[in-house]
1. What tally of residues in the range 113-126 results from selecting those that are of a type in the set (Gly, Ala, Ser), in a helix (DSSP H, G or I) and touching a strand residue (DSSP E or B) at 6+ places or on another chain (Cβ under 7 Å)?
2. Take the conditions at pLDDT 95 or above, surrounded by 15 or more Cβ atoms within 10 Å (Cβ to Cβ) and in the same structural domain as Val127 (by TED's automatic domain parsing) and apply them to Ala68. Does it pass?
3. Which residues, taken from the range 191-229, are in contact with a Lys or Arg (Cβ under 8 Å, 6 or more places away or on another chain) and on the phi > 0 side of the Ramachandran plot?
4. If a residue must be closer than 26 Å to Arg84 by Cβ and in contact with an Asp or Glu (Cβ under 6 Å, 6 or more places away or on another chain), how many such residues does the range 236-262 contain?
5. Here is a check on your reading of the model: is Leu209 closer than 25 Å to Val143 by Cα and either of a type in the set (D, E, K, R) or surrounded by 21 or more Cβ atoms within 10 Å (Cβ to Cβ) (or both)?
6. I'd like to know if the range 298-315 contains one or more residues that are among the acidic types (Asp, Glu), under 20 Å from Ala204 (Cα atoms), at pLDDT 95 or above and assigned to a helix (DSSP H, G or I).
7. If you check Val226, Val270, which single one turns out to be in a strand (DSSP E or B) and out of contact with any Pro (no Cβ under 9 Å at 6 or more places or on another chain)?
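The values are calculated or read from the model by the stated rules, or taken from the named source; none is laboratory data. A quick note: this is a predicted structure, and the numbers were derived from the prediction, not measured. No Cβ is skipped: glycine too gets one built from the backbone with ideal geometry, and neighbour counts run over all protein chains shown.
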Amino acid sequence: MESVKEMRQVLGDCIVDAMKKDSRVVLIDADLGKPNGTFSARAVFPGRCFDVGVAEQNMAAVAAGMAAYGQVPIINTFASFATRRICDQVAVSICYAGRNVKIIGTDPGIAAELNGGTHMAVEDIGVMRSIPNILIFEPCDTVELGKGFAAAMEYDGPVYMRMYRKKVEELHDESYVFGLLKADVLKEGKDVTLVCSGIMVAEAVRAGLMLEEAGVEAEIINIHTVKPVDEAALATSARKTGAMVTCENHNVLGGLRAAVAEVVTRRCPVPVIPVGIQNVNGEVGVLPYLLKRFQLTASDIMQAAMVAMEMKNDRACHCKN
């Protein structure tokens, strides 16, 4: 079922709620308050919302300074600007200094759609994962966004949250029990593991149904927190299924696939087949077209699962604790 509200509307509600609960929370935008859904907070807390204009590096530096004086800044812009453009400020002023800043990057990867390749952050996880002392979170629907945002605000340290702006397919209801550092096993299986995040979770769920029709029992794991990744969940599933497919709206280099491979190569070596952006630049298009163009559909995931299982059957995988 499609969400009633857009993700950015829920984000705006979450920010207002956080500001009501904690007087230290402030919001800093970089000329994108309206398209990112944060503009509504200005009407409620005009004295705690700031817009620095098209000056993202300044936004990050201002946030670091405010955090040094005990405030909890939220900075918000498109994912390409929240990572590539402010990488040095994030690395030095925020993470090296240990500042409690929450960074929100919207429309990562192909979610940038008509803004095109220049605005497609296909490497944002890779950029942020390589910086010490930062947590990376990516919600797949509005329920996970709401619960995850609250947990991220409680987390004492820098957080990068990448999120789609528009309506999504709801995969959870309000009974969902969220754990920031705990991966979610959406479906148990024994033949292959589909490891997914963000907008690719819905595609993985569809792929799981297609595989089930073909007699394959796929385990589906939603990795909403890519760093630090839930190593125990990944190792447990690798031992059980012996084959994995990573599904991400990101370059296959440096992101979810890298996080998964780093775990299983140490704890239980199994084939890991990536479904993601194959180290190429993005382009202009709407989401359905881009999913097909970059081979990120449920059908692509199903094909990758078949390859992973074939590789599993071709060689013995030796696991260790």
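1. 1
2. Judged against the criteria, Ala68 is not a match.
3. Scanning the range 191-229 gives a single hit, Gly198.
4. Number of matching residues: 3.
5. So Leu209 fails the test.
6. yes
7. After applying the criteria, what remains is Val226.
This table checks each residue for (1) within 24 Å of the chain's Cα centre (by Cα); (2) closer than 25 Å to Gly98 by Cα.
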position	(1), (2)
Val10	yes, no
Val26	yes, yes
Gly37	yes, no
Met66	no, yes
